[in-house]
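Inspection log for the structure reproduced underneath, given as structure tokens.
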Amino acid sequence: MKIRQLPSGSYNVQKMIDGVSYSLTFQKKPSQREIDRALADRVRANQERFTFKNSFKECAEKYISIKTNILSPSTVRGYLSILRNLSPDFVGMRIDKITALIIQSEINAYTVNHSPKSVKNASGFITSVMWAYRPDMSIRLKLPQGIKPKITIPSDDSVKKLIEEIRGSKYECAILLCILGLRRSEMLAVTSEKLKGNILTIDGAIVSNDAGEYLLKTTKTESSTREIYVPDRVADLIRLNGVAFDGFAGSVLRYLHKTQDALGLPRCRLHDLRHYYVSMSHSLGIPDAYIQKSVGHSSVRTTQNVYLHAQTEKLEEMEKRAADFILN
């Protein structure tokens, strides 16, 4: 905030709030309380003028613009995708004409071509925009029942074969780090400067924005910033190349699938290799709290959900063996 005295003797106050510059003039030097009150009135008036003149789309775009600096690029990309997929009638409607019933109708229509998770994200975005410009509005929406996500966890045998097959390739370090529990975005941000002996500091991530540009940002959550042990094979590769991977991010997954196809192994995502690390660590008897810290989960429940799914798959296998024995 800048306060300066004008040649006329009055005082001018300038302050940037949510990306909007406000300029106030006082006849005498104002107190902090007077400045705060005047700014609050000006902000409220500005929001009201914007609210009643603009469509949902215009308000949503302004909301995204204001939040861009504090949201991850992937979240911004998701918001823009939602905005593109909402109906033209809804996004073109003046925001002061939108009711909770109209929002529910839009969500019902959105449900037809989108998964429950996507519908939940769209609902959260719409209500966030509405509450930003109409904070007194009451919104209660009925959403479709969520579908429990299917977690794929590669077998020990598949991972062992993969580890040997990638030896010496340019993708070796990248895939090994994913097997050791890193997210792809975290792996892409690994450099030799983050390595001290066998201890690797994970404090950054490389993600793409809506324009397809790759940006370095902080880790996904505060708990994602951590230090992990990496074996000599991985540490040596990081020091040798200076980074974990230097190339197009999408090529790592393509190489993984190509290698799995060549070996006759089921395909999986890079993130499924992270799931393998969690499940394998649990099977070795490592306490949940240690696994959670190692992979950077914000909640131990997230860690447990991964290996509980693996146990469910094992239970199904045992039940099938029992049924086959009885009936055959």
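The values are calculated or read from the model by the stated rules, or taken from the named source; none is laboratory data. Keep in mind it's a predicted model, so treat the numbers as computed, not measured. All Cβ positions, even for glycine, are placed from backbone atoms using ideal geometry, and neighbour counts span all protein chains on display.
For the reader, a short list of remarks on this structure follows.
- Inter-residue pairs, beta-carbon under 8 Å, first assigned by TED's automatic domain parsing to the domain that holds Asp272 and in region 299-328, second modelled with pLDDT of 80 or more and outside any helix (DSSP H, G or I), 6+ apart: Thr303/His297; Val306/Ile153; His309/Ile153; Ala310/Ile153; Glu313/Ile153
- Screening Lys161 with (1) more than 20 Å from the chain's Cα centre (by Cα); (2) surrounded by 16 or more Cβ atoms within 10 Å (Cβ to Cβ); (3) not assigned by TED's automatic domain parsing to the domain that holds Ser279 gives one miss only, at (3).
- Exactly one residue out of Leu215, Leu182 is touching a residue at least 40 places away in the same chain (Cβ under 8 Å), out of contact with any Pro (no Cβ under 7 Å at 6 or more places or on another chain) and either closer than 23 Å to Phe248 by Cα or not assigned by TED's automatic domain parsing to the domain that holds Gly250 (or both), and it is Leu182.
- Checked against the criteria, Leu188 counts as touching a strand residue (DSSP E or B) at 6+ places or on another chain (Cβ under 8 Å) and either modelled with pLDDT of 95 or more or not assigned by TED's automatic domain parsing to the domain that holds Thr68 (or both).
- Conditions (1) out of contact with any Phe, Trp or Tyr (no Cβ under 8 Å at 6 or more places or on another chain); (2) of a type in the set (Gly, Ala, Ser); (3) buried (at least 16 other Cβ atoms within 10 Å of the Cβ): number failed by Ser23: (3)
- Residues in region 114-123 that are at pLDDT 90 or above and either surrounded by fewer than 14 Cβ atoms within 10 Å (Cβ to Cβ) or not assigned by TED's automatic domain parsing to the domain that holds Ser81 (or both): 0 in all.
- Residue in region 292-303 that is surrounded by 13 or more Cβ atoms within 10 Å (Cβ to Cβ), part of a helix (DSSP H, G or I) and touching a His at 6+ places or on another chain (Cβ under 9 Å) present: yes
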